[in-house]
1. Can you send over the solvent-accessible area of Thr164, 1.4 Å probe, protein chains only, in Å² to the nearest 10?
2. Please go through the residue pairs Lys197/Lys296; Lys105/Lys619; Lys83/Lys388; Lys492/Lys570; Lys388/Lys570 and name each one whose alpha carbons sit more than 26 Å apart in this structure.
3. Applying the Karplus parametrisation 6.51 cos²θ - 1.76 cosθ + 1.60 with θ = phi - 60° to the phi angles of segment 93-108, what ³J(HN,Hα) value in whole Hz is obtained for each residue in order, glycine and proline being reported as x?
4. Does segment 431-574 come out rounded, prolate or oblate by the C-alpha gyration tensor, with a ≥ b ≥ c the root eigenvalues, rounded set by a/c under 1.5 and, if not, prolate when a/b is larger than b/c and oblate if not?
5. Using the Cα centre as the reference, give the magnitude of the dipole from point charges on the C-beta atoms of the chain (Lys, Arg: +1; Asp, Glu: -1; all else neutral), rounded to the nearest 20 debye.
6. From the Cα gyration tensor of the chain, with a ≥ b ≥ c the square roots of its eigenvalues, which class applies: rounded if a/c is under 1.5, or else prolate if a/b is larger than b/c, or else oblate?
7. Go through Pro583, Tyr32, Cys291 and say which Cα lies farthest out towards the positive end of the charge dipole of the chain; charges sit on Cβ, +1 for Lys and Arg, -1 for Asp and Glu.
8. Counting only the backbone N, which residues of segment 35-77 are under 14 Å from the spot 7 Å out from the Cα of Glu622 toward its beta-carbon?
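The values are calculated or read from the model by the stated rules, or taken from the named source; none is laboratory data. Source: prediction; values computed, not measured. Glycine also receives a Cβ, built like all others from the backbone with ideal geometry; neighbour counts cover every protein chain displayed. These area figures cover heavy atoms from the full protein model, side chains too; ligands, DNA and RNA do not enter into them. Shrake-Rupley method; radii C 1.70, N 1.55, O 1.52, S 1.80 Å.
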Amino acid sequence: MPKGYTGKTLQVDLTNHKVEIEDNDETFYRNYLGGRGVGYHHLLKQVPAGIDPFAPENILVLATGVMTGSPLAASCRFAAVGKSPLTGAAGESEAAGFFGPELKKAGFDAIVFNGKSEKPVYLWINDGNAELKDATELATLGARALEDAIRDEMGSTKIRVAQTGLAGMNGVLYANITNNLSNFNGRNGMGALMGSKNVRAVAALGSQKLEFADPDYLRQTAKDFAKTFRNNPAGEALHVYGTTAFPEILSAAGALPVENFRRSALEDATLIGGDTYNEVLLDKRKGCHACPIQCKRGVALDHPKYGIDSRYGGPEYETIAALGSNLNITNLKAIAKGNEICNRYCMDTVTAGMTIAFACECYEAGIVSKSDTGGLELKFGDADLMLKLLEMIAHRDGFGDDLALGSARLAEKWGVTDKPLHLSVKGMEPAMHDPRVKVGVGLGYAVCTYGADHMNAAHDPAFVDPQSFSFNSAKPLGIYEPVPSTEISPAKIRNTIILERFWKVLDALGLCVFGYAPRSVMPVNQMVQCVNAVTGWDTSLLELMNAGERSVAMARVFNSREGFTIKDDKLPKRLFDPKPDGPNAGEQIFTEDKFNQAVKLYYEMLGLDPDSGRPLRGKLLELGLEWVDEV
Ligand code: SF4
């Protein structure tokens, strides 16, 4: 058994309240690494084709990565994988924080939930043992109260809790799994899947020490990193601002979504920018397990209307844009309050904000009226309305019951799926980056197996300047040509494929992209050395990249089995409009036809079937995935 792993997966049969331990061998781990790789392996093997995501036969996998729990910076992540209630496709999301390392210390690399419990439960995991416990009394508590109640019941404040909140228990289709109250498996409804199984939380406490092949090398590398990461501009900016500097940067570039992507810049983005944030909201910088970068924001606000409970953390860029600029709201305190509400109920801020924006535009266009909204007047720029609607969504109260479905289902209900005001890919709304400035991100939105996510690959602007740290640190991956951010060309597609594959490697390793090149500080080859120092393997970048591609291929097989095709790998209509603001305003960056040609070329480069997007047989054989034909 390689070091760094526990070698054990917990199979939890919720219908029969049975817990079994499955042993995994080295070949399994070298093929699938961890996180998403392990998740998709179980998804393909255990989930029958064509089921409703809320059927008991769906599974929810929580899987740590190879490096999760090591002393290295930013080595804390775990994946949640299942058939997504929001999209019906392969669902996936990675979270940082503390839960992943604790799960390993408690004795398990992964948990697979299947079936459905009759009553609300939580899973208690402690030093190699696991037990389902009654959560009937806890099911409707807010996230903080639930975490405190479990810690009280089990007698330790060191317990790490991953939970779905009221949103998940109420079936909000974009409910999160939240750990430590401020780290999220977000976007495509893994919390709703957890809630559908009547699992309110998983609580882990471990005293087992993880073994590493070369602990001295890891300790020294972690020490050196902590001393030097701020010498790198990426490390310094992340520490000082987290991601809160992005509203101003993206607004200046015309890449900040405003009013449901109708515009892409604010007149005064400093109102929601990093310096204002540090002045008005920031209480302290916070981090995840063993991470000195501390890009997380601690926010405390004593305010009659927007008072913030500091344990829920502060908004990061995606939230500032989704609940702020995209709703034309520039009151940072109100945005922080919206963030707190979403975190209290465990709800994705991007889809929540995008769904409210979609509804506002539908209201403006006369598609819905007060008779649909329960008398509410919907309009952009109304912070109080945003806060009210978030509460209504979590409780599925009145019009909130509609908004809990997300914008794609509402677009169907209101008959506007083909209108530019509907923005989703595979049923999931785009994250807060305009692809007319970052074409590779746009390609990622379209082809990503789990919807329009910005974490599919590193972003284009990092690879434009041949002198930049990111460009040069991507050379070991095979990126040699700087390509303009707005270019759509074979070179751009090639770079996007390489970066996509590498980000899947980081995901499967359990590493946060903010610690590692090319997005951040630690060089690629040193990262590979660290994998060897954790596991005792003699692995290579080649072997890891193959595993990254394998994990994407499994997700594609799953999606093609569910009926997804190249027709689902497309961008929303509005994103083909001429660029609304910033440099090149008024210019059409790419036509729909040109973009679709790029998607076709992406398929050709990856050996995907031109219609279904399923990897061709030769590709599956190359990746050692012949078994997928039998599932
Ligand atoms: S860089 Fe930020 S999000 Fe990533 S592990 Fe460190 S503190 Fe957490």
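1. Probe radius 1.4 Å; accessible area of Thr164 about 0 Å².
2. Working: Lys197/Lys296 31 Å; Lys105/Lys619 37 Å; Lys83/Lys388 30 Å; Lys492/Lys570 17 Å; Lys388/Lys570 33 Å.
Over 26 Å apart, Cα to Cα: Lys197/Lys296; Lys105/Lys619; Lys83/Lys388; Lys388/Lys570.
3. For segment 93-108, the Karplus curve yields 6, 9, 10, 8, x, 10, 5, x, x, 5, 4, 5, 5, 7, x, 9 Hz.
4. Working: a/c = 2.13, a/b = 1.21, b/c = 1.76.
Oblate is the answer for segment 431-574, as a/c is 1.5 or above yet b/c matches or exceeds a/b.
5. Working: 66 positive and 78 negative charges, 116 e Å.
Value, rounded to 20: 560 debye.
6. Details: a/c = 1.26, a/b = 1.10, b/c = 1.14.
Because its axes are fairly even, with a/c under 1.5, the chain counts as rounded.
7. Among Pro583, Tyr32, Cys291, the one farthest towards the positive end of the dipole of the chain is Cys291.
8. none
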